[in-house]
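A quick write-up on the structure given underneath.
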Amino acid sequence: MATLVKSHTLPLPSTSKTGRLTFLRTHVELVMAITSGVLIIIAWLLMHEGYTTASAGMYITAYFTGGYFKAVEGISNTIKNRDLNVELLMIIAALGAAWIGYWTEGAILIFIFALSGALETYTLNKSKSEISSLLDLQPEEAWKLIDGQEVKVSASSLMPGDIISIKPGERIPADGLITKGQTSVDEAAFTGESMPVVKSKASEIFAGTVNLTGAVQAEVTKKNHETMFQKIIELVQSAQSEKSPSQLFIERFEGRYVKSVLGFTVIMMFLPYYFFGWSWEETFYRAMVLLVVASPCALVASIMPASLSAISNGAKKGILFKGGVHLENLNQIKAIAFDKTGTLTEGKPKVTNWFIRQDLDQTVVLQATAAIEQQSNHPLAQAVVTFAKEKHIPDSLKMDLVEDVTGFGLRAIRDNEVWSIGKPDWFDRNMIAQDMLEQIEQLSKEGKTVVLIEKSIEVIGLIALKDQVRQETIDAVKYLKSAGIYTVMLTGDSKGTAAVIQKETGVDTFKAECLPGVKVNEMKKLKEKYGSVAMVGDGINDAPALATATVGVAMGAGSDIALETADIVLVKNDLKKIAEAIRLSKKMNRIVKQNIVFSIAVIALLITSNFFQALDLPLGVIGHEGSTVLVILNGLRLLKA
């Protein structure tokens, strides 16, 4: 078994001042929206204290502060797309309210819309950071062999046919084929599997994976921008740039809504004067009332407070939602795919079976085995050491010499006796007893990794290890299946191991030996068949599939890129929280529907009442803002759902 070598890069310290400046630059829209809200409160207090001039100044400042970004966005999009938009309507409605003397109502309208836009911008900025997380894994330099000499060059300059040297502990800088040497490679970034893979001559290697033990040479097979690593980045970018059907519908509806409101407002400024005998003052007054009551303030509030309440509730329960849209989408899920290692399973191998020849002292054999394995950081070796500690095996035994035989295991010497611990293929099959061979075959069928113990050319025992299925996994799968959700496992592991895990977890089906691109294709197939699908994973290799899914769910202990790409994070690695998230999603969608129906009904009633001159502006404002307050309060019920 190979010795696992890890390299750590310590982050540079940053001052609190620099951190504050970075926050302000990144979240300036959110800061200005909150500032606008504060200014509105100050203006309202000043007005009630009789400071009219100061109050007006504060309101004007609040208008500018909160409405700046939306005004710029609305005007620029109108010019660019040659179409009206909701941003422009909000600004006009707020100015209309101020024009007829209702500064507070107009300012609140600006604040609510600005806050909504700021939160959308914040989420967008957050989602972009996973690309930089990926790029941190890309080696910038490589050792290229030129005339037999190692020369450090830029990894981006490597071309197919170049020969590179890769030292133990280094990240592989390019896709290629090994031409010299043997090693173990940590490919968790692509397969998600914690077990290192043995690589020898003609074996394929991938950029961004880690060379663990042996110094090797390899021939580059792909240009820097064509590597598997770059494909993952492109897959994430492509998946996140695709707009959901709901978003496309909203964008199509937006222009029509704004045109309708503005069109009716213009008509209201003239039609009643000429056809109903209203005065110019009454006609203009009714047009301004229409502009205020028709603004979709309550519609906006129908979703945002409910979403934020549900998000807060989820956070208290260890479920992090990155936006209300993901909560909404979760309600529509018809199929869900799981990564295996670290998601359905614990991600760490444990000893499940062990056998030592009966004529030997079992404690002594286990003590020697643990002493040898203690010299390696390989996951299997550490699992054996942990097992020995649990059995209270003394750790006082010291081996004279421990040698790492790359790709096979460990060899040690004590009292002139040679001990070997490693994979079955390393040992002479003729030297293994028949009953032990049968055990090895049976344990392998059960998806377990078998390690043999040899002393003086005699195989004297074996240890079987397996990545354990989480108990909460079984409960979560049962709930999902009872809810009519189709379950599938996507894993980079072998078919045999995947079949065993499928049986233990109860998932409907599985796809084994999946690289990142295969997982993406499988997710696309599921989307074609079921429409809305979810993906649960924890590794870098899961990031493209998480981004492709309608809803991506990451385990809290997963990689940074998985956490950044996912829409939902299960903080405590508890798959049962998926059931809780789905229940929360269903309740939120019920409340949102109630709010939307109610707000539309109120707007329709206010518009109708205004047309029949049964509604004055103060009542219109009360009805409009009152409906907004009611839908907000209804949404806040989700805080205790």
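Are there chymotrypsin sites (Phe, Trp or Tyr not before Pro) in segment 551-641 that DSSP puts in a loop and that have at most 14 other Cβ atoms within 10 Å, and which ones?
612
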Test of the criteria: in segment 558-596, which trypsin sites (Lys or Arg not before Pro) are in a DSSP loop and have at most 15 other Cβ atoms within 10 angstrom of their Cβ? 572
List every residue whose amide H lies under 5 Å from the amide H of residue 418, counting only residues 5 or more places away in sequence or on a different chain, with H placed 1.01 Å from N in the peptide plane. 456
Assuming R0 = 35 Å, what is the FRET efficiency of residue 430 and residue 481, from their Cβ-Cβ distance, to the nearest 0.05? 0.15
Using 0.36 nm per residue, how much length does the chain from residue 590 to residue 53 gain when fully extended, once their Cα-Cα distance is taken away? 188.8 nm
Can you give the accessible area of residue 47, probe radius 1.4 Å, in Å² rounded to 10? 90 Å²
My understanding is that a pair violates if its Cα-Cα distance is over 18 Å; which of 348/389; 529/586; 316/481; 478/525; 466/495 do that in this structure? 529/586; 316/481; 478/525
So for each of 464-474, 536-546, 433-443, 372-382 I average, over its residues, the number of other beta carbons within 10 Å; can you give me the resulting order with the highest mean first? 536-546, 372-382, 464-474, 433-443
With a/c under 1.5 counting as rounded, go ahead and sort segment 551-641 into rounded, prolate or oblate using the C-alpha gyration tensor (a ≥ b ≥ c being the square roots of the eigenvalues; past the cut-off, prolate if a/b is larger than b/c, else oblate). prolate
Kindly report, to the nearest 10 Å², the accessible surface of residue 75 as traced by a 1.4 Å probe over protein heavy atoms only. 90 Å²
At residue 446 and residue 260, where each label point lies 7 Å from the Cα along Cα→Cβ, what is the point-to-point distance in nanometres? 6.5 nm
Residue-normalised value, i.e. accessible area per residue, for segment 335-433 at 1.4 Å probe, in Å², stands at 51 Å²
For residue 383, net neighbour charge (Lys/Arg +1, Asp/Glu -1) across residues whose Cβ lies under 9 Å away: +1
Could you report segment 567-632's accessible area per residue, 1.4 Å probe, as an integer in Å²? 47 Å²
Mind listing the long-range amide H neighbours of residue 536? Cut-off is under 5 Å, sequence gap 5 or more, other chains count too, H placed in the peptide plane at 1.01 Å from N. 337, 338, 339, 553
Where Lys and Arg each count +1 and Asp and Glu each count -1, what net charge lies around residue 414 among other residues with Cβ under 9 Å from its Cβ? -2
So, taking all protein chains as they sit and a 1.4 Å probe, how much accessible area belongs to residue 257, in Å² rounded to tens? 40 Å²
For residue 180, which sequence-distant residues (separation of 5 or more, or a different chain) have an amide H within less than 5 Å of its own amide H, given hydrogens modelled in the peptide plane? 217
Please name whichever of 161, 185, 148 sits farthest to the positive end of the charge dipole of segment 137-191, dipole taken about the Cα centre and charges placed at Cβ: Lys and Arg +1, Asp and Glu -1. 148
Hey, what do the phi angles of segment 490-499 turn into as Karplus ³J(HN,Hα) couplings, whole Hz, using 6.51/-1.76/1.60 and θ = phi - 60°, x for Gly and Pro? 10, 9, x, 6, 6, 5, x, 5, 4, 5
Please list, in order along segment 328-333, the HN-Hα scalar couplings obtained from phi with the Karplus expression 6.51 cos²θ - 1.76 cosθ + 1.60 (θ = phi - 60°), rounded to whole Hz, x for Gly and Pro. 5, 5, 4, 5, 9, 4
Over segment 373-517, what number does the Rg to Rh ratio reach, with both radii from the alpha-carbon atoms and Rh per Kirkwood? 1.07
Rank 501, 483, 443 by how far each Cα sits towards the positive end of the charge dipole of segment 443-511 (+1 on Lys, Arg Cβ; -1 on Asp, Glu Cβ) and give me just the farthest. 483
Dipole of segment 248-356 [Lys/Arg +1, Asp/Glu -1 at C-beta], most positive-end residue of 321, 278, 301: 321
Taking protein heavy atoms only, a 1.4 Å probe, and rounding to whole percent, the accessible area of segment 544-641 owed to carbon and sulfur comes out at 66 percent
Separation between Cα centres of segment 417-447 and segment 543-609, rounded to whole Å: 50 Å
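The values are calculated or read from the model by the stated rules, or taken from the named source; none is laboratory data. If you're wondering where the values come from, they're calculated on a predicted model, not measured in any experiment. For neighbour counting, all protein chains shown are included, and Cβ atoms are generated from backbone atoms with ideal geometry for every residue, glycine included. Areas reflect the complete protein model, heavy atoms only, side chains present, ligands, DNA and RNA absent. Shrake-Rupley method; radii C 1.70, N 1.55, O 1.52, S 1.80 Å.
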